[in-house]
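Notes to accompany the following structure.
Each value in this text was obtained by applying a stated rule to the coordinates, not by laboratory testing. Predicted model only: the values in this text are computed from it and were never measured. Positions of Cβ are generated from backbone atoms using ideal geometry, with glycine treated the same way; all protein chains shown enter the neighbour counts.
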Amino acid sequence: ENPELWMKQAYALAEEAASLYGEVPVAALLVRGDQIVGRGTNERLRSERTASHAEIVALEDYNLRFGRWRCEPGTSLVVTTEPCLMCTGALLWARVDHLYFGCEDPRGAGLLRIQPLISEGVYDHRFCSIHGGVLGEECSAMMRSFFSRMRARKEYESDIHFF
């Protein structure tokens, strides 16, 4: 596996979603071996669905492609930003084995907050490995730039303090 290679692809998808659709620039790839088996970007503006985070969209893509709710063993998720609580739960239920993320959520409300519970076995499944900071500086800069532009245009009032 080459998480930096996959992260570069996720980064490009995130930039595209932001520039074309005004979405928060987050993208996720489900990878197994050398194949992308699911992909997603934030689609909350386009879909008007609360749960259309990149990770959920990538899982839905996988579900539709393979007709399964559970990922094959050895499946990894590469995502530009630390997953939120909702997405972390979905990734656990889907049995994703390895998780690679770019930048941390500065609010500290996501995966890293509940990692101790996951490690203690509170949930039925745990990630085999979690790796943060994959192209972390680049991903963080992309988020800061996006929210800086939105603040200047007075958009995303509820998310204005994200980065």
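Averaging the Cα positions of each part gives two centres, and for the range 3-30 and the range 55-84 these lie 15 Å apart. Gaussian network model of the chain, Cα springs within a sub-10 Å range: biggest mean-square fluctuation belongs to which of 40, 67, 89? The residue with the greatest mean-square fluctuation here is 67.
Annotation: the residues 8, 154, sorted from fewest to most other C-beta atoms within 10 Å of their own C-beta, follow the order 154, 8. Residues 128, 139, 71, arranged from fewest to most other Cβ atoms within 10 angstrom of their Cβ, appear as 128, 71, 139. Among the chymotrypsin sites (Phe, Trp or Tyr not before Pro) in the range 68-153, those located in a DSSP loop and surrounded by at most 16 other Cβ atoms within 10 Å of their own Cβ are 69, 123. GluC sites (Glu not before Pro) within the range 63-142: which are DSSP loop residues with at most 10 other Cβ atoms inside 10 Å? Counting only loop positions with at most 10 other Cβ atoms within 10 Å, the GluC sites (Glu not before Pro) in the range 63-142 are 120. With all pairs of different C-alpha atoms in the average, the Kirkwood value for the hydrodynamic radius of the chain is 15.7 Å. Neighbour counts of other Cβ atoms within 10 Å put 79, 31, 122 in the fewest-to-most order 122, 31, 79.
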